[in-house]
1. Do we have S104 as closer than 29 Å to H332 by Cβ and more than 25 Å from the chain's Cα centre (by Cα) here?
2. Mind checking whether some residue in the stretch 124-137 is hydroxyl-bearing (S, T, Y) and over 29 Å from the mean Cα position of the chain (by Cα)?
3. Of the residues that make up the stretch 135-146, is at least one surrounded by 17 or more Cβ atoms within 10 Å (Cβ to Cβ), touching a strand residue (DSSP E or B) at 6+ places or on another chain (Cβ under 6 Å) and of a type outside the set (D, E, K, R)?
4. Quick one: in the stretch 49-89, of everything that is of a type in the set (G, A, S) and at pLDDT below 95, which residue is farthest from V285 (Cα to Cα)?
5. Restricting attention to the stretch 71-118, which residues are surrounded by fewer than 19 Cβ atoms within 10 Å (Cβ to Cβ) and acidic (D, E)?
6. Grab the strands (runs of 3 or more DSSP E) fully contained in the stretch 268-369, keeping just those with 2 or more residues being more than 18 Å from the chain's Cα centre (by Cα).
7. Would the stretch 121-133 turn up any residue that is acidic (D, E) and modelled with pLDDT of 90 or more?
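The values are calculated or read from the model by the stated rules, or taken from the named source; none is laboratory data. For clarity, every value in this text was computed on a predicted model and none was experimentally measured. Methodologically, a virtual Cβ is constructed for each residue, glycine included, from the backbone with ideal geometry; neighbour enumeration extends over all protein chains shown.
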Amino acid sequence: MATPLGIYILRVEPCSWHHIHAKIPDIQSLWYWGISLKGQWCKTFEKKHGNLINILDIEVQPVALEVLAQYYDAFQWCFTSRDFQIAPTLKEYERLLGLPLEASPQYFHRGKTPSWSSMAKLLKRKEEPKWSRRNLPYLEERLYQFRQDEDWPAFMDAYGLLIYGIVLFLHGDDYIDLVVVDAYRAKKDRGENPTMALLANTYYTLNHCCEWKGGNLRCCIPLLYLWMTTHLFHSKVKSACPIEDYKWCWIKTMSRDLWAKHLDQATERIIRWYPMWNEREEIIVRCGGFPNVPLLGTQGAINYNPELLSRQAGYPVIKVPSEEDMNPFVIHGLKAHNGEFYKRIRHAWRSVIRRGKEWGTRSCGTSADYRNWLKDQVKKIEPPQHRDREIQAYEA
């Protein structure tokens, strides 16, 4: 911040960035096992789990997300640059995952985890000591056996659980957490959609890292990277598939400095606001009695404000957000999954309010009032470009 202490910190460490780390999940084994699914079994898996296998094609550059996280606005809960604001939306994650929200109920994590016996049943084994039941080599051993037996339904269950544990809901190295088992079984047994939980985890971990000025991003890293590159790069071929769209962007490998420069030079004119695969008429703007959209993930509950992000649906930002609209909340762990907050969030999702044509003609523009408001906001939060200019002026 622009305080004497803040200026001192900037001078001692010119980059003045939070020490945020994005760890790439090891997907080589997932690739290996995925090759085993062929023909109708591959189609069956994709029908059930959307783009889960295709997301493994994303070649994540972790430094890109570590740079992106520096732009996170803890006041508005979005990424704020010098002349625009942008953030992942529920509908964008829905399209990236290939899991239509209208076709299935939302997954609301209760904070209660299934027993190890349920995991053993899923893997067709008797109960064993905990240490052997949840490590990745154990799962891969079961995958090998299912493949040998050509038990493809069981193979798909073990493979899906492995992807959930390594890519979607990563909680630790080399083992599957029971929270992951709960999320996977919710999809397998009840058809519940994990999109909201994944978006909630994204906002939750960004907020945590910003609050603590560092830490590890604990969310679906490939999904956040895919979302980021979608808006920063332009595809050479128009595609209705987000994975194909990403591949046609031909993103070269860049160093941290080059990524910092790339984001520093990003303006509203070069951002790709709504790619072909994300064209839509309406977006969810609020739920129930909340002024915005509450999200419930496996780590806690948090909200976000889609009205700030209407450009990503192809509509202009006209209104300056009110204090009520921008009232953020974050609820940690069991407090979010038990009691009154859990009930309120579930109840709110029964009354979803959408908006689209009410915003007027399709456009990615903004009103003068919003632009002036954003200038003031940039001064408050000091995104990286603004901090750099402050350093230069101070040192001069």
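1. no
2. Taking every residue of the stretch 124-137 in turn, at least one turns out to be hydroxyl-bearing (S, T, Y) and over 29 Å from the mean Cα position of the chain (by Cα).
3. no
4. Checked the stretch 49-89; the qualifying residue farthest from V285 (Cα to Cα) is S81.
5. D83, E102
6. Once the strands (runs of 3 or more DSSP E) in the stretch 268-369 are filtered for at least 2 residues that are more than 18 Å from the chain's Cα centre (by Cα), what remains is 283-287, 352-355.
7. No, because not a single residue in the stretch 121-133 is acidic (D, E) and modelled with pLDDT of 90 or more.
Residues checked against (1) in the same structural domain as F75 (by TED's automatic domain parsing); (2) touching a helix residue (DSSP H, G or I) at 6+ places or on another chain (Cβ under 8 Å); (3) aromatic (F, W, Y):
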site	(1), (2), (3)
E150	no, no, no
F155	no, yes, yes
G160	no, yes, no
K187	no, yes, no
L199	yes, yes, no
T205	yes, no, no
